[in-house]
Amino acid sequence: MLFQFGFYSSVLLISFTQGIIYSVLLLAKAVKTENKSNYWLSIFVFLCSLYIAPWMLGFAGWYDNQPYRDLLFYTPFQHLLFVGPIIFFYTQSLLNPSFKFSKKKSLHLLPGGFYLIYIVAIWIYDKFILGENYFYKNGMDKDFDEWYQKLGLLSMIVYFILSIRYYNVYKKLMFQVVSYADSILFKWVKTYLMAFLIMLLLPIFFDIIGILYPEIKSYQGSWWFFLFFSIIMYYIAITGYSNPINATIPFKMSFFNKNPMLLLNENPTNETENCIDIQHETFEESNSPEIEYWKSKIETLIQEEKWYQNSELTLLDLAKKLGTNVSVISKTINQGFQMNFNDCINSYRIEAVKNSLVGGEHKNSTLLGIAFDSGFNSKATFNRAFKKNTGKTPKEYIETI
């Protein structure tokens, strides 16, 4: 097989090979752990590796020799219309354990499928009907057509925005339903979305640079673009492979309805009882008899029975204990306590910590030990919650006692 090893082709060969290796590793991890998100990340890394291939093989001499030239022409390597949906599916599967790939979701892949049909049609016409390179008589690979590159970039931008929105909905939802939201907001989600954003900005950045330095738009100058693209791909692959966190709260969300439907019960008698409207939740005080009734019940359960000490307390736990549904409890927390569930439970935990500090327990125990006994599950979460609640750090508060 022809491969002219040189500086440009060899460096991209390393990036391409590493991408394929990590794609396989992620696939193996997905099979072993049955983690759906790793399947999608594996596909994403694989598509990014293929994106590099034409430039790598071009520097290796494939565009200058047959039959390699035709192989590059009639094989679509840059699947730009698949990348956006794949990253969107990855975001959903990472944040929502109930995510399933359905026929409806497969519609997102139709544009990419149409492009594949387009390339196959060109191949059939040129090779079997006309017998010559009619569509490729200009010697340009269809993957590099400006309309396809621009459409692909637009598609990825749209799905990037959808991914951001999905994460924001997830974040709001977690603060409404769990008392440990800080620990499952997934720093990795923000990290890989930022890396993907840099990927999207790279072609725009190089277009601007090309105005000042036209040589960067040459075939050899474009090598720098693919080098930086490879570095970002490699970063996403290696950090994504080491990401150990998985979502545990399943929910359904409609982009038209905007209201996530919690799937906390396996066989709910009425789905509306598990629906939390995070878009229109209000923290305005309400003195309605229903709110006051459930507020009293919640206060007794949390404060007197010290349920705040449960570091994994959820809205469903309270609803089950009180014999009602999550919708009632959520509304009561928001309007009766005028805060979300996460902040409400943390306020009780902070009061417990403050009482312990006033009682001098910090002289016989560590501050972190007191925080854990009060229901916090991490030092970072405790410090943020304490600062938010008191306006002081724990050490500053101790000095005021």
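Give the residue, chosen from I232, I236, that is in a helix (DSSP H, G or I) and either small (G, A, S) or without any contact (Cβ under 8 Å) to a residue 60 or more places away in the chain (or both).
Result of the check over I232, I236: I232.
Could you list all residues from the range 388-401 that are surrounded by 13 or more Cβ atoms within 10 Å (Cβ to Cβ) and either outside the structural domain of T300 (by TED's automatic domain parsing) or over 25 Å from K295 (Cβ atoms) (or both)?
The answer is K392, P394, Y397, I398.
Out of all the residues in the range 119-136, which are part of a helix (DSSP H, G or I), more than 39 Å from the chain's Cα centre (by Cα) and of a type in the set (A, V, I, L, M, F, W, C)?
I124, F128, I129, L130, listed by residue number.
May I ask you to verify whether M174 is in contact with a Phe, Trp or Tyr (Cβ under 9 Å, 6 or more places away or on another chain) and among the aliphatic types (A, V, I, L, M)?
Criteria met by M174.
Can you name the residue in the range 317-351 that is among the polar types (S, T, N, Q) and over 20 Å from C275 (Cα atoms) and, of all such residues, is farthest from the chain's Cα centre (by Cα)?
Per the criteria, the residue is S347.
Condition test on L94, is it surrounded by fewer than 22 Cβ atoms within 10 Å (Cβ to Cβ) and either over 25 Å from K171 (Cα atoms) or modelled with pLDDT under 95 (or both)?
The answer is no for L94.
Within the range 107-141, which residues are within 28 Å of A195 (Cβ to Cβ) and at pLDDT below 95?
Across the range 107-141, the qualifying residue is only D141.
Kindly provide the set of residues from the range 294-319 that are under 19 Å from L173 (Cα atoms) and either among the hydrophobic types (A, V, I, L, M, F, W, C) or surrounded by fewer than 16 Cβ atoms within 10 Å (Cβ to Cβ) (or both), ordered by number.
E312, L313, L315, L316, L318, A319
Restricting the range 270-293 to residues that are surrounded by 11 or more Cβ atoms within 10 Å (Cβ to Cβ), part of a helix (DSSP H, G or I) and under 34 Å from the mean Cα position of the chain (by Cα), which is modelled with the highest pLDDT?
Among those that are surrounded by 11 or more Cβ atoms within 10 Å (Cβ to Cβ), part of a helix (DSSP H, G or I) and under 34 Å from the mean Cα position of the chain (by Cα), it is N274.
Of the residues that sit in the range 20-73 and are under 25 Å from S10 (Cβ atoms) and acidic (D, E), which one is surrounded by the most Cβ atoms within 10 Å (Cβ to Cβ)?
If we take residues in the range 20-73 being under 25 Å from S10 (Cβ atoms) and acidic (D, E), then D70 is surrounded by the most Cβ atoms within 10 Å (Cβ to Cβ).
Output the residues belonging to the range 348-387 that are buried (at least 18 other Cβ atoms within 10 Å of the Cβ) and not in a helix (DSSP H, G or I).
S374, G375, F376
What about F382, is it under 22 Å from K172 (Cα atoms), among the hydrophobic types (A, V, I, L, M, F, W, C) and outside the structural domain of S179 (by TED's automatic domain parsing)?
In short, yes.
Which ones in the range 101-140 are touching a residue at least 12 places away in the same chain (Cβ under 8 Å), of a type outside the set (F, W, Y) and within 26 Å of S49 (Cα to Cα)?
Answer for the range 101-140, where residues must be touching a residue at least 12 places away in the same chain (Cβ under 8 Å), of a type outside the set (F, W, Y) and within 26 Å of S49 (Cα to Cα): K105, H108, L109, P111, G112, L116, I119, I122.
Would you confirm whether any residue within the range 199-218 is polar (S, T, N, Q), surrounded by fewer than 16 Cβ atoms within 10 Å (Cβ to Cβ) and farther than 30 Å from S93 by Cα?
Yes, the range 199-218 contains at least one residue that is polar (S, T, N, Q), surrounded by fewer than 16 Cβ atoms within 10 Å (Cβ to Cβ) and farther than 30 Å from S93 by Cα.
Taking into account only those residues within the range 176-187 that are modelled with pLDDT under 90 and among the hydrophobic types (A, V, I, L, M, F, W, C), which is surrounded by the most Cβ atoms within 10 Å (Cβ to Cβ)?
F186
Regarding Y166, is this residue at pLDDT below 95, among the aromatic types (F, W, Y) and within 30 Å of N310 (Cα to Cα)?
yes
Residues L173, L116, L151, L162: which one is buried (at least 16 other Cβ atoms within 10 Å of the Cβ), among the hydrophobic types (A, V, I, L, M, F, W, C), in a helix (DSSP H, G or I) and touching a Pro at 6+ places or on another chain (Cβ under 9 Å)?
L173
Within the range 352-396, work out how many residues are over 36 Å from the mean Cα position of the chain (by Cα), touching a residue at least 24 places away in the same chain (Cβ under 8 Å) and under 27 Å from V178 (Cα atoms).
2
Can Q66 be described as in contact with an Asp or Glu (Cβ under 8 Å, 6 or more places away or on another chain), within 30 Å of L2 (Cα to Cα) and in a loop (DSSP other than H, G, I, E, B)?
no
What single numbered condition from (1) surrounded by 15 or more Cβ atoms within 10 Å (Cβ to Cβ); (2) without any contact (Cβ under 8 Å) to a residue 60 or more places away in the chain fails to hold for Q338?
Only one criterion in (1) surrounded by 15 or more Cβ atoms within 10 Å (Cβ to Cβ); (2) without any contact (Cβ under 8 Å) to a residue 60 or more places away in the chain is unmet by Q338, namely (1).
The values are calculated or read from the model by the stated rules, or taken from the named source; none is laboratory data. What you see is a predicted model; the values in this text were computed from it and never measured. Reconstructed Cβ throughout: ideal geometry from the backbone, glycine too, with neighbour counts over all protein chains shown.
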